[in-house]
Amino acid sequence: MKVPLVTADEGFSSLAKHMSRWMEQVLGSDYARFHRDQAWRPAIDLYEDDGSYYLVADLAGVNAEKIDLHVEKGKLLFRGERQSPWPSGQADCPAPAPGSLRLHLMEINQGPFVRAIQLPASVDGDGICAWYKNGFLWVKMPKKG
């Protein structure tokens, strides 16, 4: 499924961050972060060695075949969607009946996600490769020779 990339101008983004910090101060850091009408941003780490940069994104529960990853206008873009988690159960630990669960806390982001990372000028865009393992999307971005 393709998810449209939604962007906001810098002024609105700055105001939204300020309001979010204020809400954390008033309600505490555990207030609901989830907004069904907005795409969430996966957490990432960035590493570097002599020849490449390595980006890793936390995408637990996302179907790897449904991740859209590409380079556009000097940015690495990845997007997709994470479905709401549901316990599947095991033979010795059966799942609950559909419709029987009541939500008390939601900290796992779900729904559409999008992330855009500005690539350094030293990245060879044609040599980028990626793999998905154990819920992490890894992207290797080689440096230009």
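Taken together, the values in this text are just the output of simple stated rules run on the coordinates, not laboratory data. Keep in mind that what you see is a predicted model, and the values were worked out from it rather than measured. Cβ sites come from the backbone with ideal geometry, for glycine too, and all protein chains shown count toward neighbours.
Report the Stokes-Einstein translational diffusion coefficient (µm² s⁻¹, integer) for the range 91-138, Rh taken as the Kirkwood radius over Cα pairs, at 37 °C with viscosity 0.692 mPa s. So the translational diffusion coefficient is about 204 µm²/s. Within the shell defined by Cβ-Cβ distances under 15 Å, the residues around Lys144 carry a net charge of -3, with Lys and Arg each +1 and Asp and Glu each -1.
Diffusion coefficient (Stokes-Einstein, Kirkwood radius over C-alpha pairs, 4 °C, 1.567 mPa s) for the range 64-145: 82 µm²/s, rounded to a whole number. Fully extending the segment from Met106 to Val56, taken as 0.36 nm per residue of separation minus the present Cα-Cα distance, adds 15.6 nm.
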